[in-house]
Structures are given as C-alpha cells and as structure tokens.
1. So for the pair R143, D76, with labels modelled 7 Å out along Cα→Cβ, what separation do we get in nm?
2. In which sequence would S24, S2 go, from the one with the fewest C-beta neighbours within 10 Å to the one with the most?
3. Nearest 20 debye, what's the magnitude of the dipole of the chain about its Cα centre given +1 on Lys and Arg Cβ and -1 on Asp and Glu Cβ?
4. Using only the Cα atoms of the chain, what are the Rg and Dmax in Å?
5. In deg cm²/dmol, rounded to 500, what helix-only [θ] at 222 nm does the chain give when every DSSP H run of at least 4 residues adds -39500 (n - 2.57) and the total is split over its residues?
6. Using a 7 Å offset from the Cα along the Cα-to-Cβ direction at both A108 and S7, what is the distance between the two label points in nm, to one decimal?
7. Would you be so kind as to identify which of L140, A150, L49 lies farthest towards the positive end of the dipole of the chain, taking Lys and Arg as +1 and Asp and Glu as -1 on Cβ and the Cα centre as origin?
8. Find how many whole Å separate the alpha carbon centroid of region 56-77 from the alpha carbon centroid of region 152-181.
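Just so it is clear, none of the values below were taken in a lab; they were calculated from the coordinates. The structure presented is a predicted model; accordingly, all values stated were derived computationally and were not measured. Heads up, the Cβs are rebuilt from the backbone with ideal geometry, glycines too, and the neighbour counts pull from every protein chain shown.
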Amino acid sequence: MSAVTISVTGTAERRAPAERGTVSVAIAVEVPDDGSKATEAAVLLSEELAEQARGFVSSGEATWWSSEQLSTRTFDKYENSDEPAKETRITRYHGAYAGVQVRFQDFAALGRWVTRIADIDDVSLAGVSWAITDATTTELAGRVRAEAVADARARAEAYAAASGLGEVALVQLWEAGLRPDSSSPGEMLMARAAFSSTQPGGFPFKPEDVVVSATITADYRAQ
C-alpha cells in the first residue's frame with residue numbers, strides 16, 4: 001500500500017491570572033463659544049491625572065503610564081425645529097480631548113483609582129485591559145507550542161489507526177497562517193483576556209484570566 005498523507009491541525013491553550021491591568025482614562029471637555037476654556041480645563045485635568053499616574057509608578061503600584069496629546073475640535077449643536085426635516089443651530093461648541101493610561105500591578109490601587117475618577121467631571125473610564133508579564137507569556141508560550149504539536153500528532157495517529165494504517169511520521173509543520181495553501185492568515189500564538197465582568201458602575205471589578213493559545217498545522221505520512 002502506498003503512503004498516505006494525513007493533514008491535521010493542532011491546538012492548545014492555557015489560562016493564567018492577570019498580572020497587569022491597564023486603565024485607560026478619557027478626558028473630554030466641551031463648552032460653548034470659548035475654545036480657550038475647553039483647552040485650559042482639559043490641560044489641567046490631564047496634568048492632574050498625570051501627577052497621580054507618576055505617583056502610582058513611584059510607589060510601585062504601577063509599572064508604566066502615558067498620556068495622549070491634546071486634541072481639539074469645533075462643532076455646532078442642533079435641535080429639531082417645528083418644521084419636519086429641518087434643524088436649528090443652537091450654538092457653536094469647542095471641545096478639547098486627552099487621555100491617560102496607567103498599567104497597574106497592584107489591583108487594589110487600580111480599583112481605588114477607577115472609583116475616584118468616576119466622580120471627576122469631564123473624565124470617564126475608557127476601559128481596563130488585563131495582561132500577563134512578558135516572562136509569564138514566554139513560559140506559557142513554550143508550553144502551548146509543545147502541546148499544540150502533541151495534539152496534532154495525536155490527531156494524526158488517531159486518523160491513521162482508524163484507517164488501518166501504521167505509525168505516522170512527520171513530513172512538514174507550519175505555524176498558523178504560514179501553510180502555503182492556507183487562505184486563513186491566523187496567528188500561531190495568541191494571548192487574550194477572557195471576557196470582563198462588570199459591576200453596576202460599568203467597569204471591571206476583578207482581574208480576568210489571560211488565555212495563551214497556539215495553533216499549528218502539520219502533514220504526517222503513514223502506511
């Protein structure tokens with residue numbers, strides 16, 4: 001009997017508790033007529049939040065922070081008039097916008113800051129993203145890559161046995177998206193946070209597990 005090629009996919013994933021939480025805070029000041037007031041207010045808020053962020057890094061509660069460059073825009077607000085399909089301009093508004101991000105390793109401090117900024121006018125929580133450290137990512141990546149290869153071999157062996165074939169031998173192996181005849185780009189390794197749980201205030205109240213996964217495709221030959 002001639003050799004048979006068995007093409008399979010191998011996958012694996014592992015979960016790890018989040019080790020970092022990055023808080024993204026948005027500043028949006030919009031006032032009528034006077035653009036300088038919006039800019040001044042946004043700058044003051046940005047400086048206030050930046051000072052707090054520097055304090056978190058200095059105390060060791062956070063590992064990194066950054067701020068976004070101030071941007072501005074002018075726009076008109078409208079209200080519906082008494083005539084259908086027509087609008088009447090109310091007034092011209094000026095908006096000034098900025099943002100601050102802080103990466104926390106102390107999640108208690110993260111929670112306190114999120115609660116504090118919820119009470120500041122013109123400041124809102126844009127989101128919280130959970131992550132693991134580079135060292136943990138590297139460790140888990142090695143494990144899931146090996147497990148993905150083992151999964152692919154186990155699949156090939158199962159197909160060979162079901163087909164009455166003998167032992168399988170690896171011919172070729174590709175990371176996801178690198179197989180020449182594959183139409184799906186894919187990613188060999190992914191690290192993503194699980195879905196966030198939220199409390200009534202609308203922000204995540206606990207760290208979420210981070211999932212590290214790997215996918216490969218391989219060709220085996222059996223007789």
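1. It is 6.1 nm.
2. S2, S24
3. Approximately 780 debye in magnitude.
4. Looking at the chain, its Cα Rg and Dmax stand at 26.6, 85 Å.
5. -10000 deg cm²/dmol
6. Result for the modelled spin labels: 5.5 nm.
7. Of the listed residues, the answer is A150.
8. What the calculation gives is 50 Å, centre to centre.
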